[in-house]
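Report on the structure given below.
The values are calculated or read from the model by the stated rules, or taken from the named source; none is laboratory data. These figures come from a predicted structure and were not determined experimentally. Ideal geometry is used to build each Cβ from the backbone, glycine not excepted, and the neighbour counts take in all protein chains shown.
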Amino acid sequence: MKAVLIFTFLAAASLIFGQTEKDKTSLGTNPNYDNELAKRMGADDYGMKNYFLVILKTGANTSADKALVAESFKGHMTNINRLVAEDKLIVAGPFGKNEKNYRGIFILNNLKTREEATQLLQTDPAVKNGLLDYEIFPWYGSAALPQYLPFSDKIWKSKP
């Protein structure tokens, strides 16, 4: 019995320590792994991290005051740019018309709690004025997601 255990141990050790890079990849080890980049991006061992996904929806304020609406949505866009500059917002965009009155999404970055996300959303004039409301969901996604932002500034021809 002792010989069987020793043989089993030696066989397992030779499988683990005698692997080629190809073998390691098939077992889930990434030969392209960059530890410094993973740390800088806040990645876990799977290359993922936690975010908050925000669904923006039509708010309770249905005001016909065109000046209020225009000023609120101008402030909404200014706020989006500020949050991007602060590395707090990495995805934003509108939805097409839909039956749920969903207006768009945000993916919020570098926040620890839902309360932080709520406080951040209250800095948006369209939210403050009740023109937009929101739902917040914890979301687990690729830690590399923020890397698309530097490229997005190089591909638009007309200012959105």
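Does residue 52 satisfy being out of contact with any Ser or Thr (no Cβ under 8 Å at 6 or more places or on another chain), more than 21 Å from residue 137 (Cα to Cα) and at pLDDT 95 or above? Judged against the criteria, residue 52 is not a match. Looking for something in a loop (DSSP other than H, G, I, E, B), crowded, with 17+ Cβ neighbours inside 10 Å and out of contact with any Phe, Trp or Tyr (no Cβ under 9 Å at 6 or more places or on another chain) - is there at least one such residue anywhere in region 72-89? Yes: region 72-89 contains one or more residues that are in a loop (DSSP other than H, G, I, E, B), crowded, with 17+ Cβ neighbours inside 10 Å and out of contact with any Phe, Trp or Tyr (no Cβ under 9 Å at 6 or more places or on another chain).
As a summary of the residue check, residue 155 satisfies the conditions (1) of a type in the set (A, V, I, L, M); (2) modelled with pLDDT under 95; (3) within 18 Å of the chain's Cα centre (by Cα) except for the one numbered (3). Screening residue 119 on (1) touching a residue at least 24 places away in the same chain (Cβ under 8 Å); (2) under 14 Å from residue 89 (Cβ atoms) shows it passes everything except condition (1). From the list 157, 97, the lone residue that is more than 25 Å from residue 41 (Cβ to Cβ), not in a strand (DSSP E or B) and not assigned by TED's automatic domain parsing to the domain that holds residue 62 is 157. Scanning region 106-138 for residues that are in a strand (DSSP E or B) and surrounded by 15 or more Cβ atoms within 10 Å (Cβ to Cβ) yields 106, 107, 108, 132, 133, 134, 136.
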